[in-house]
Every structure is written in C-alpha cells, then in structure tokens.
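Reviewing the structure listed below.
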Amino acid sequence: MSEQKDGMAATVPTPMPLLPITSPQTVELCASLPLRSNDVFICSYPKSGTTWTQHIVLSLLVKSASKGRDGGGGGVDDLQYSHVSEYAPFYEVDDHWDSQARDLNEPIRTNHNRLGRRVFNTHLRWDMLPSTMEAGLKHGGNKAKFIYLLRDPMDVCLSFYCHLSNQMEGGYDGTFQDFFGEWINGDIAFGSYVDHILSFAPAFVDAGDGREILLISYEEMLSDLSSVVRKVARFVGADVTLDEIDELLPTFSFGHMKGDLGRFQPRSVTWKNNFQFLRRGISGDSHTVASDREREALVNWFDRKQVNSKLEATLLGQNDSALTKFREVCCAR
C-alpha cells in the first residue's frame, strides 16, 4: 500500500503503489467526483491500449460535437486537440486537480465544457472510481460510460517495463527479469494485474447507480478495429455515420499515430533516451523477451490467485460474453 503525508496529517493508505505524480489525496478526489450522465472513463491496467482508445473516443466525440448535439448544425467548428490529454486527461494526476475546490482544474473544466462532456483515462481499479450520480441525475436518463480494456498479461508486462525503464518519475532501472518478479508481486506502480482485472469483473454484472461499462481488448482492436470503433461509437453515443467512421479509421492506425507522436506521448512525466511511447503496436511481442520459466511463473501465478475460478464465480450465468473475453485474453496460455 502507498501512504503519503501532506502537511499536518497522513491520508488513508491506497490499495496499490502509485507513481510520484499521484498522491493519496488525489486518489480520494478521484473517488468522490460527482458523475455526470455523459461522462466517459477509459479504464485499464497500464499498457493495455489506453492511449489508442483515447484517440478513438475523442475523434468520435469531436466529429459528433462539430455537427451539434441534434445533428442539425450549430456545433463547435474548431474542436481540435494538439494532445489527447487536453480533452481526455489522465484522471489521477495531481496537477489536474484543484485540491482547494475539490474539483478538476480550470483548463480541464474549460476543455470539457467545449467538448460538451468529460472524458478521462485512468489506471485506477473499479472500486477506486466514482459511483454516485449528481443529484437529479441518479435515477434517470443516460448513465456515465466506462470502457475497460484488456490485453495479454505478458505483453502488458513487457510494454510496461519498456515504458517505466524510460520514464524519469517513478521509473525502473533493473532488467526485465527483475521487473517481471516485482510485477508478479504487485510491487510496481498500479500494483497487481490480477487484482486490477478482478476488481473490474463485478462491474459487468451490476455497474451500480449511474454507471454503464463496455469491455474490449487490445487483441480485438488489432484484428477487427472497424467493428470495435463502431461498438465504441454506439456505446458513447457519438453522432457519427458509418461513412464518417470509415473516414476516421486510417487515423487510428499505429503508423498514423506514430507519425504524429506529439499528440500521444504522455506529458505528465518526462522521458529518457528520446523514448518513443508508441513502440511496436503488435500482439505477442513478449515472446521475443520472456523466457519459458517466466511464462510458467505467469501460469502458476494465475492458478495460485485462482483467477479463472474467481472470474467464473462472478460472471458465469451473469455475463457469459464478458467471462469468455476475460478468459481468452487473460487466462489462455
């Protein structure tokens, strides 16, 4: 657990390690923010396709906003972003909050007002996110939207190692083998991959008042991006046609995003060695690095944590499609 003192008193410990850019005070603010019916949270364990999904969601919502809410014009014509964080900020970053007002800072509020809704990306667990609608919205109308991303755990581990070993704040200096051991133990920032996915599983049975959740995977985005984008567009209620989605699709390719890296490389931390945040954008990259021994350790870890049986106990007969996806992405070895 992470604990930090701020001035006079210590805060309640957080349930997982945090990067230096996130204090327990900010985690408390994140949990207590009153939701709005059209909020969108892009949620994941790190390196599961979060930035990719940010770009997709924002592109759809910007296109929708430019047409006006009723599709009849009167929209916002100059809604462009030079960086995805302008309209979809990293939720749990200290600098994004006004601790005195217990609200997001003024630049973020301004951009969200221009877009017409709030969008965030976050690596917090499900039980650390807000769950109560504002007065008057709690029992009616649309629900706040949460998108949860899954990715093969060993690919996540390798990508997270490459990320943190090139990051200044809260970075990592050891070998991949060292990192793997600490990652398995939940000692790396954002804690255990297993604990993260298990925290979200109950959300697919009952998301609670004012919340609705969509499950997608990095692997299905690679194999059938068009279908995923259409699913996301419906889920967030973007006013876009199928033709407009087809026009946007080329801008969601890895090559296009890597060629426009300045819009996506995180600004909440600083980087070493001219690191390029968008590294390879493939599935199975970990096969080039992870040893058979580490793969066996991963399988044993999932067995020891009873991941499959816990997912089954939560989802079997309640949400079988979600159970299948969790199994295919997280448990199949």
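The values are calculated or read from the model by the stated rules, or taken from the named source; none is laboratory data. Keep in mind that what you see is a predicted model, and the values were worked out from it rather than measured. Every residue, glycine as well, gets a Cβ built from its backbone with ideal geometry; the counts of neighbours run over all protein chains shown. To get the accessible areas, we keep the full protein, side chains included, count just its heavy atoms, and leave off ligands, DNA and RNA. Shrake-Rupley method; radii C 1.70, N 1.55, O 1.52, S 1.80 Å.
Name the single residue, out of those in region 309-320 being in a helix (DSSP H, G or I) and among the hydrophobic types (A, V, I, L, M, F, W, C), that is farthest from the chain's Cα centre (by Cα).
Taking region 309-320 and keeping what is in a helix (DSSP H, G or I), we get 309-315, 320.
Applying the additional criterion that residues be among the hydrophobic types (A, V, I, L, M, F, W, C) yields 311, 313, 315.
Details: Leu311: 20, Ala313: 25, Leu315: 21 Å.
Here the residue is Ala313.
Output yes when any residue across region 184-203 is open to solvent by 10 Å² or more (accessible area, probe 1.4 Å), charged (D, E, K, R), more than 15 Å from the chain's Cα centre (by Cα) and closer than 21 Å to Leu58 by Cβ, and no when none is.
no
With the condition being modelled with pLDDT under 90, I'd like the helices (runs of 4 or more DSSP H) fully within region 131-226 carrying at least 1 qualifying residues.
153-164
Go through (1) under 21 Å from Leu248 (Cβ atoms); (2) modelled with pLDDT of 90 or more for Ile108 and report which single condition fails.
All conditions pass for Ile108, except number (1).
Just name the residue that is nearest to Asn166 (Cα to Cα) out of those in region 251-308 that are modelled with pLDDT of 80 or more and assigned to a loop (DSSP other than H, G, I, E, B).
Ser291
Tally time: how many residues in region 98-130 are assigned to a loop (DSSP other than H, G, I, E, B), open to solvent by less than 50 Å² (accessible area, probe 1.4 Å) and in contact (Cβ under 8 Å) with a residue 60 or more places away in the chain?
Adding up the residues that qualify gives 8.
Which numbered condition in (1) within 21 Å of Met128 (Cα to Cα); (2) at pLDDT below 90; (3) loosely packed, with under 15 Cβ neighbours inside 10 Å is the only one that Ser32 fails?
It is condition (2) that Ser32 fails.
Name the residues in region 211-253 that are open to solvent by 60 Å² or more (accessible area, probe 1.4 Å) and in contact (Cβ under 8 Å) with a residue 40 or more places away in the chain, would you?
Once the filter is applied, which keeps residues that are open to solvent by 60 Å² or more (accessible area, probe 1.4 Å) and in contact (Cβ under 8 Å) with a residue 40 or more places away in the chain, region 211-253 yields Glu212, Leu222.
I'd like the full set of residues that are buried (at least 17 other Cβ atoms within 10 Å of the Cβ) and touching a Phe, Trp or Tyr at 6+ places or on another chain (Cβ under 9 Å), limited to region 155-170.
Asp155, Val156, Cys157, Leu158, Phe160, Tyr161, Cys162, His163, Leu164, Ser165, Asn166, Gln167
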